[in-house]
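The values are calculated or read from the model by the stated rules, or taken from the named source; none is laboratory data. Note that the structure is predicted; figures quoted are calculated from it, not measured. With ideal geometry, Cβ positions are generated from the backbone for all residues, glycine too; neighbour counts draw on all protein chains shown. Accessible surface areas use protein heavy atoms only, side chains included; no ligands, DNA or RNA. Shrake-Rupley method; radii C 1.70, N 1.55, O 1.52, S 1.80 Å.
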Amino acid sequence: MKRVASGELVGALSGLVLLVVSFLPWYSAGGQDATAWQAFSVTDIVMALAAVSALSVGVVAFGRLSVSYPVAGSAITTGLGGLALLLIAYRLINPPGSGDIDREIGAWLGLLAAAGVTWGGWLGMQEPSGVGSASAAQ
C-alpha cells in the first residue's frame, strides 16, 4: 500500500488549519472582532481555494484515486498557497479598514497555515526520494 507523501500530508493538514483559522478573530477594533470572512472580500476566497486545493490533493493521494492528480494538484496548490501567503502578509502589514486596528491570533495562524499549504504543495511536486537511486533497486 502506498503511503501518502509528506508534501500531500503537510498540504492537507495546513489546508484544514487554514479553513479553521479563517473563522477565528483576525482583527479587532473598538471591542469588535472580525474573522477573515468578515474582514476580506477577495483574500478569503483565495484562502478557501488554496485550502480546498490542498485538501483535495491529500484526499486523492490517500484514497489512491489518481496517479497524476497529486502532482498536478500540488502545482495548483503551490500557486494558490503562495498567493494566499502574499495576500495575508500584505494584510498583516496593511490591515483592512481605517483607524486603530489590532491584529489577532487568527491572522498569524492563517499566515503560518498558508505557508504550510505552499510548502506542502511544493513538496508534493518533488520527485519521491528513492526514485532513480541505487537503493531503490535493491
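Before moving on, here are some points about what is shown:
- Scanning the stretch 38-59 for residues that are open to solvent by 80 Å² or more (accessible area, probe 1.4 Å) and of a type in the set (A, V, I, L, M, F, W, C), we see that the one that is farthest from Val10 (Cα to Cα) is Val42.
- Qualifying residue in the stretch 37-58 (condition: in a loop (DSSP other than H, G, I, E, B), touching a helix residue (DSSP H, G or I) at 6+ places or on another chain (Cβ under 6 Å) and either more than 26 Å from Asn94 (Cα to Cα) or among the polar types (S, T, N, Q) (or both)): no
- Hits in the stretch 1-34 - residues which are surrounded by 19 or more Cβ atoms within 10 Å (Cβ to Cβ) and either among the aromatic types (Phe, Trp, Tyr) or assigned to a strand (DSSP E or B) (or both): Pro25, Trp26, Tyr27, Ala34
- Scanning the stretch 92-106 for residues that are without any contact (Cβ under 8 Å) to a residue 24 or more places away in the chain and surrounded by 14 or more Cβ atoms within 10 Å (Cβ to Cβ) yields a single hit, Leu92.
- Condition met for Leu123 (modelled with pLDDT of 95 or more and open to solvent by 40 Å² or more (accessible area, probe 1.4 Å)): no
- Residue check for Ser74: crowded, with 18+ Cβ neighbours inside 10 Å and either modelled with pLDDT under 95 or aromatic (Phe, Trp, Tyr) (or both): yes
- Of all residues in the stretch 59-80, those that are within 12 Å of Gly124 (Cβ to Cβ) have Cβ atoms under 9 Å from Cβ atoms of residues that are among the acidic types (Asp, Glu) and open to solvent by less than 40 Å² (accessible area, probe 1.4 Å), 6 or more apart or on another chain, in Val60/Glu8; Ala61/Glu8; Pro70/Glu8; Gly73/Glu8; Ser74/Glu8.
- Yes/no for Ala89 being at pLDDT below 95, surrounded by fewer than 17 Cβ atoms within 10 Å (Cβ to Cβ) and in a helix (DSSP H, G or I): no
- Flag if Gly81 is closer than 30 Å to Ser28 by Cα, surrounded by 21 or more Cβ atoms within 10 Å (Cβ to Cβ) and in contact with a Phe, Trp or Tyr (Cβ under 9 Å, 6 or more places away or on another chain): yes
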